[in-house]
Protein chains: 2
Amino acid sequence: MATVKDIAAAVGVSVATVSNVLNDRPNVGRANRQKVLRAAKLLGYRPNRSAQAMRTGRTRAIGLVLPDLTNPFFPELAQAVENTARSLGLLVCLIDSQGRADGESDGFALLMQHAVDGVIWCPLGPRLPANLKNLARPVVLIDRPRPGYPVVHSDYKMGGRLLAQYALRMGHTRVGLLSGPPNIESARQRSDCFVNAYPRTIKIAWEVSVGFDGVLTPDAVDALERRRGATLIVAGNDLIAISAMRCLGEHGVSVPGDVSITGFDNIRWTDVVTPRLTTIAQPLGAIGAKAVELVQERMSGERIRSRRTIFDVALIERDSVRRIGQSRPAA
Amino acid sequence: MATVKDIAAAVGVSVATVSNVLNDRPNVGRANRQKVLRAAKLLGYRPNRSAQAMRTGRTRAIGLVLPDLTNPFFPELAQAVENTARSLGLLVCLIDSQGRADGESDGFALLMQHAVDGVIWCPLGPRLPANLKNLARPVVLIDRPRPGYPVVHSDYKMGGRLLAQYALRMGHTRVGLLSGPPNIESARQRSDCFVNAYPRTIKIAWEVSVGFDGVLTPDAVDALERRRGATLIVAGNDLIAISAMRCLGEHGVSVPGDVSITGFDNIRWTDVVTPRLTTIAQPLGAIGAKAVELVQERMSGERIRSRRTIFDVALIERDSVRRIGQSRPAA
DNA sequence: CGCCTGTAGTGTAACGTTTTACTAAGTAGA
DNA sequence: TCTACTTAGTAAAACGTTACACTACAGGCG
């Protein structure tokens, strides 16, 4: 690999001048600038990132800390993050904590050691890992706000309202809630805004919380079996909805014949299960890209502009909700 | 952040001694060794990877180059890679080429610049990116062999045979092949071994190739509509199988009532579609972990032990294949 | 002419680590 | 007592880059 020294020797100029050209600083004449540039190209010069990192303290790498790549919410996000990062010349270092808090903090330790310039993080639990404070780097959160950090996520409140409007439109006034983890704000907002949209019209028959990974607790299974008059089940995300559909199927309950169901996230598989799942679409790609832009801004020392960036969501109407009750005017 | 110099000052010893202790070299006495270790712990010393990298040329980071995280084959792999890498103290730098060759070579360029110590790579096309030769680092391939590189993948031939045995057992003797890309060896082997297992008994009614991402070409759709007497469709992977099931459903063809279908990979969603998909399970986690072990071995300069590591696969029997033809003895 | 300013360029220290070559002191053998 | 060897430890160079402090020279101005 060619170094600045090689270029300097080739052109007959000092390494300082080469460096000045490469970081285009003004104090170098036209002729030399040309020559250095030419030589750099000729020798296939690539700056040694390690050396740059040591000198400047910046690595041009960012960390991406995720709870679980196996949840289809994240791969799309990760892909967007990696691609926009790369288009900015930033390398993405991946940590997948597999849902374990110690994995998360080990991951942060590793990232700190490698001195990434910033991190994009979808936090696992409500508690922040202790070593996060030591990490004197910009952090941008995804999907799950925590006090003191900028965050980008989609408009869960809007999602909840959209779902409530839709439920009403389809004649459902008694619903069961299969919510996500109550300590995750995005999960709570989805439910809360659904509940609060039409508090007098839509009654909540029951609510049980399960993990975002969609594994159903005995409580959840029990709720699905009994249903207590709910005609619509509003699930905290698509994984939960799909698990619920499966569970219902195993108990001989037809969806949407006997009970309707909605999801949240619009992961790829909502379109492929039977019945196809009505859900809320989030612009995952845009969220990932925005998160990269935000860390990048902060890395280059720009002042904090916004603490929250929120993206609109949209209702994706498919086949998992049946219209019930009295007829209504044609569309 | 504490440096070796800080430790040296704290203990009252030279930086060389500190370094010697830390890399446990023999030439330092018991007493000083203890003191240095204690001070390092006390000060929370973490070696600066950038400095180490510059001095030694090793970064303790590896690249992971994937075609498409959105294909559920890869997240599980990536998770396994990241986790075993982390357990070895290695950082994983992610490249997702989104199926584009230029993305792949840009990614390699980025990895080279950051001087990763090795790369785990699932190559996109048959051609290797030109800059791969410059990358004087160990490369371990996943899933797709290329001449000259070690590779770890699962036993596709066995998968093909297993599928053929099963087809026969279920009475299917006329099948349609919805294969993966013909230029990807793993795709070819799946089909070929299926075809060659019982060449006289099982007849191939037709074969069409589609991408591993499961988007169906007009040819594929046409084949699915006509079917030309095939009672079983053997798909190149689960994504293809699921797309095919959807396509068939849209044409009013019942699975497995009118036609049976099998997949390959056993991604999470095979268990959740209707009917549940009969498929071949690959030990993705083990494959990822093994790949990390292999690069790690090569990074530490060990000699090449094996060029191919192959994992057994297993048939996962679910509901997408119907038994047809004459009755057979009970199990 | 002497002074100032601006432009073009250079020497070198520094970043944090590893490693080579070296010294000093102790120990053993003859 | 002298040599030879081992052990414990250190000084300093090196990795590739950046940036500070500096020089040299030209031109402009009073």
Item to check | Fraction of beta bridges assigned by DSSP in the protein assembly as shown that are antiparallel (%, nearest 5) | outcome: 10
Item to check | Cut-off under 5 Å, modelled amide H: who pairs with B:Asn237 long-range | outcome: B:Phe264
Next on the checklist: Suppose the chain between B:Ala286 and B:Arg308 were pulled fully straight at 0.36 nm per residue; how much longer would it get relative to their current alpha carbon spacing?
Outcome noted: 6.5 nm
Next on the checklist: Leaving out ligands, DNA and RNA, and with a 1.4 Å probe, what % of the accessible surface on region A:4-47 is carbon or sulfur?
Outcome noted: 52
Checklist entry - Considering every pair of different Cα atoms, what Kirkwood radius, in Å, is found for chain B? => result 22.5
Checklist entry - When only DSSP loop residues count, what GluC sites (Glu not before Pro) in region A:243-315 have their Cβ near at most 11 other Cβ atoms within 10 Å? => result A:Glu302
Item to check | CD proxy at 222 nm, helix term only [per DSSP H run n ≥ 4: -39500 (n - 2.57); per residue of chain B; nearest 500] | outcome: -12500 deg cm²/dmol
Checklist entry - Mind checking the mean number of beta-carbon atoms from other chains within 10 Å of the Cβ atoms in B:263-275? => result 3
Item to check | Shielding by other protein chains, A:77-84, mean Cβ within 10 Å | outcome: 5
Next on the checklist: Ratio of alpha-carbon Rg to the 2.2 N^0.38 Å globular estimate for the protein assembly as shown, to two decimals, please.
Outcome noted: 1.08
Checklist entry - Using modelled amide H (1.01 Å from N, peptide plane; none on Pro or chain starts), what sits under 5 Å from the amide H of B:Lys203, excluding residues fewer than 5 places away? => result B:Arg174, B:Val175
Checklist entry - Counting only other chains, what is the mean number of Cβ atoms within 10 angstrom of the Cβ of each residue in peptide B:68-75? => result 5
Next on the checklist: Output wanted: per-residue J couplings in Hz (rounded whole) for region A:203-210, from phi through Karplus 6.51 cos²θ - 1.76 cosθ + 1.60, θ = phi - 60°, x for Gly and Pro.
Outcome noted: 9, 8, 6, 6, 9, 9, 9, 9
Item to check | Rel. contact order, % - alpha carbon contacts under 8 angstrom, at least six apart, region B:156-282 | outcome: 24
Checklist entry - What per residue convex hull volume, in Å³, comes out for region A:174-277 when only alpha-carbon positions are used? => result 91
Checklist entry - Near the amide H of A:Thr278, under 5 Å away, which other amide H atoms are found, from residues 5 or more places off or on another chain, if H is placed in the peptide plane? => result A:Gly263, A:Arg318, A:Asp319, A:Ser320, A:Val321
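The values are calculated or read from the model by the stated rules, or taken from the named source; none is laboratory data. Just so it is clear, the model here is predicted, and its values are computed rather than measured. All Cβ positions, even for glycine, are placed from backbone atoms using ideal geometry, and neighbour counts span all protein chains on display. When the accessible area is computed, the model is the full protein with side chains, heavy atoms only, and any ligands, DNA or RNA have been set aside. Shrake-Rupley method; radii C 1.70, N 1.55, O 1.52, S 1.80 Å.
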